[in-house]
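Remarks on the structure that follows.
The values are calculated or read from the model by the stated rules, or taken from the named source; none is laboratory data. None of these values were measured; they are calculated from a predicted model. Heads up, the Cβs are rebuilt from the backbone with ideal geometry, glycines too, and the neighbour counts pull from every protein chain shown. Ligands, DNA and RNA are excluded from the accessible area calculation, which covers all protein heavy atoms including side chains. Shrake-Rupley method; radii C 1.70, N 1.55, O 1.52, S 1.80 Å.
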Amino acid sequence: MASAMPLVLLLLCLLVTDTHGSRRVLFRSTDDSGSSPPSNAACPSMASGHSNGNKLPLVHRLNPCSPLKSSGIRKHGKAALAEILHRDSLRMRYLSEFKAAAATTTAPALSPTSASNRTAPATPNVISSLPGVFTYTALAGYGTPAQQFPVYFDVSGMSNLQCKPCSSGSGDGTCDRAFDPSRSSTFGTIPCGSPDCAVELQTSSCASGGSCTFMFRNSTFLYANGTVVTDTLTLSSAIFEDFFFGCLQADNQFFFDDGTAVGNVDLSRRHHSLATRALLSSPSGTAAFSYCLPADTDTHGFLTIAPAMSDYSSLAGVKYLPLVTNNPTAPDWYYVDLVAITIDGKDLPFPPNEFSGNGTFIDNLSSFSYLSPPIYAALRDKFRRAMAKYQPAPAFSDLDTCYNFTGINYIELPEIMLKFGNGETMDLDDRQFMYFFRDHLDDGFPFGCLAFAAYPTYGYNWLGTQMQRTKEIVFDVRGGQVAFVPSRCGLR
């Protein structure tokens with residue numbers, strides 16, 4: 001009974017059976033409020049020299065095994081829903097402004113002076129009390145000999161690293177964790193007038209005769225001066241000489257209140273990204289990279305550089321989706337041709353052209369999936385009708401389809417399936433389309449929301465990390481496809 005249910009953290013255990021087009025999900029609850037983080041012996045080796053081929057352990061920033069814990073101020077635990085939505089809102093704002101800038105073909109002006117003499121604008125940090133949008137961390141080695149740093153990875157921008165000298169020498173120790181070019185025998189800079197500078201920055205505004213300098217801005221709306229440089233990048237056993245990245249001269253550029261990451265690694269299709277470099281140094285039949293995102297803050301995932309596509313040929317249930325490469329807003333990002341969504345076997349009622357054209361973005365920085373308003377409205381309305389027997393709960397920010405499952409031992413969820421332009425279909429696991437939580441209201445009973453929301457701009461759709469969990473995502477750039485591989489990711 002509801003009165004007997006303890007105030008505990010909800011653990012959703014999968015117990016799926018077909019019941020008239022729906023799936024049955026059993027609720028079990030365990031009280032882990034007093035549990036302690038796993039010991040170091042239970043953590044995977046995070047070192048870049050870790051001898052496991054080209055596979056790197058990947059953990060959530062709040063994982064007790066995260067390299068961010070060395071800062072001494074990060075906290076272990078489950079991210080609050082308010083924090084997750086705040087991160088997603090930052091990502092949404094960044095993508096909206098990026099799309100607007102692409103439409104007007106304008107770019108921020110760069111000062112013609114050298115990087116050492118430029119000053120980043122005094123822009124307020126909109127995340128002064130909450131972390132930025134980066135979530136998943138791995139260890140990377142930069143330079144010769146390699147200097148080890150925790151980094152985030154993303155699929156939507158150039159690689160960057162905090163470097164010495166820092167801009168102000170604040171003395172709080174953050175600059176001690178920055179890359180020191182003077183200690184590397186393979187460090188090099190890129191001249192302003194070189195073709196590589198124009199390709200990497202898509203601008204020629206730096207000072208003629210000087211280094212390739214730029215003004216950096218990331219998804220958290222922080223700014224920094226930077227210089228495009230090259231050095232050796234080491235990821236597990238994979239070594240990339242003369243790897244391009246931005247050397248940022250700023251204190252706390254990637255510093256958040258839960259730990260310190262020194263930079264990010266770009267996995268997009270840009271000319272100097274890690275994905276492009278992996279393909280240049282790998283034989284045919286090799287994907288650029290794959291990842292399995294951790295299912296929660298206490299699980300481990302992985303990032304694999306240049307996996308062989310033959311590893312997946314004998315696996316059942318793999319979905320191969322063609323990459324859409326004609327998106328004018330950000331042609332170097334990853335898009336698939338999502339054409340329809342079904343609930344319990346019936347297509348949602350919206351015009352087919354709502355999905356046509358520029359593809360659906362596969363994002364690894366936002367948690368939830370976002371759809372243009374007509375598509376989301378159709379999904380929401382159909383889902384609500386299928387869940388009519390459950391008590392609605394108040395909306396929580398962008399998540400407006402929520403339910404109170406107090407006192408219920410199991411629930412029946414509708415079947416949701418994605419359809420793609422090449423005829424492939426993908427059934428979504430309940431972990432992919434539902435978000436369960438208890439930090440929403442004052443009591444401790446379980447609540448759940450549809451893990452989709454409306455994106456305010458028409459014609460723009462993307463799949464967030466929750467939708468990607470439980471599957472290994474393989475980016476076969478050379479083959480022009482993305483593979484979704486089931487049963488390759490441990491859930492706990």
- Within the stretch 242-264, restricting to residues that are within 16 Å of PHE179 (Cβ to Cβ) and modelled with pLDDT under 55, the one that is most open to solvent (accessible area, probe 1.4 Å) is PHE255
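Report whether or not ALA138 is modelled with pLDDT of 80 or more and among the aliphatic types (A, V, I, L, M). Walk me through how you get there before you give the answer.
Values: modelled with pLDDT of 80 or more: yes; among the aliphatic types (A, V, I, L, M): yes.
In short, yes.
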- A careful count of residues in the stretch 182-221 that are at pLDDT below 65 and either open to solvent by 20 Å² or more (accessible area, probe 1.4 Å) or over 21 Å from PHE153 (Cβ atoms) (or both) gives 5
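Having 2 or more residues that are open to solvent by 40 Å² or more (accessible area, probe 1.4 Å) and more than 30 Å from THR325 (Cα to Cα) is the bar; report the strands (runs of 3 or more DSSP E) wholly within the stretch 369-488 that clear it. So that I can check it myself, show each step before the final result.
Values: elements: 369-371, 391-393, 402-404, 410-414, 416-420, 425-427, 434-437, 447-450, 452-454, 471-476, 481-486.
Where strands (runs of 3 or more DSSP E) fall fully within the stretch 369-488 and carry at least 2 residues being open to solvent by 40 Å² or more (accessible area, probe 1.4 Å) and more than 30 Å from THR325 (Cα to Cα), they are 391-393, 410-414.
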- Within the stretch 317-328, can one find any residue that is closer than 28 Å to LEU85 by Cβ, in contact with a helix residue (DSSP H, G or I) (Cβ under 8 Å, 6 or more places away or on another chain) and not in a helix (DSSP H, G or I)? no
- Note on the structure: Going through the stretch 343-368 in order, the residues found to be among the charged types (D, E, K, R) and open to solvent by 10 Å² or more (accessible area, probe 1.4 Å) are ASP344, LYS346, ASP347, GLU354
- Counting only residues that are farther than 16 Å from ALA275 by Cα and either modelled with pLDDT of 80 or more or not β-branched (Val, Ile, Thr) (or both), which one in the stretch 294-308 is surrounded by the fewest Cβ atoms within 10 Å (Cβ to Cβ)? ASP296
- Only one residue in ARG74, ARG91 is modelled with pLDDT of 65 or more and either open to solvent by 30 Å² or more (accessible area, probe 1.4 Å) or among the basic types (Lys, Arg) (or both), so which one is that? ARG91
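Conditions tested, residue by residue: (1) closer than 28 Å to LEU267 by Cβ; (2) aromatic (Phe, Trp, Tyr).
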site: GLU354; (1), (2): no, no
site: LEU365; (1), (2): yes, no
site: LEU371; (1), (2): yes, no
site: TYR403; (1), (2): no, yes
site: GLY421; (1), (2): yes, no
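Name the one entry in LEU279, LEU321, LEU267 that is touching a residue at least 12 places away in the same chain (Cβ under 8 Å) and either open to solvent by 20 Å² or more (accessible area, probe 1.4 Å) or touching a Gly at 6+ places or on another chain (Cβ under 8 Å) (or both).
Working: LEU321 fails: either open to solvent by 20 Å² or more (accessible area, probe 1.4 Å) or touching a Gly at 6+ places or on another chain (Cβ under 8 Å) (or both); LEU267 fails: either open to solvent by 20 Å² or more (accessible area, probe 1.4 Å) or touching a Gly at 6+ places or on another chain (Cβ under 8 Å) (or both).
Answer to the selection: LEU279.
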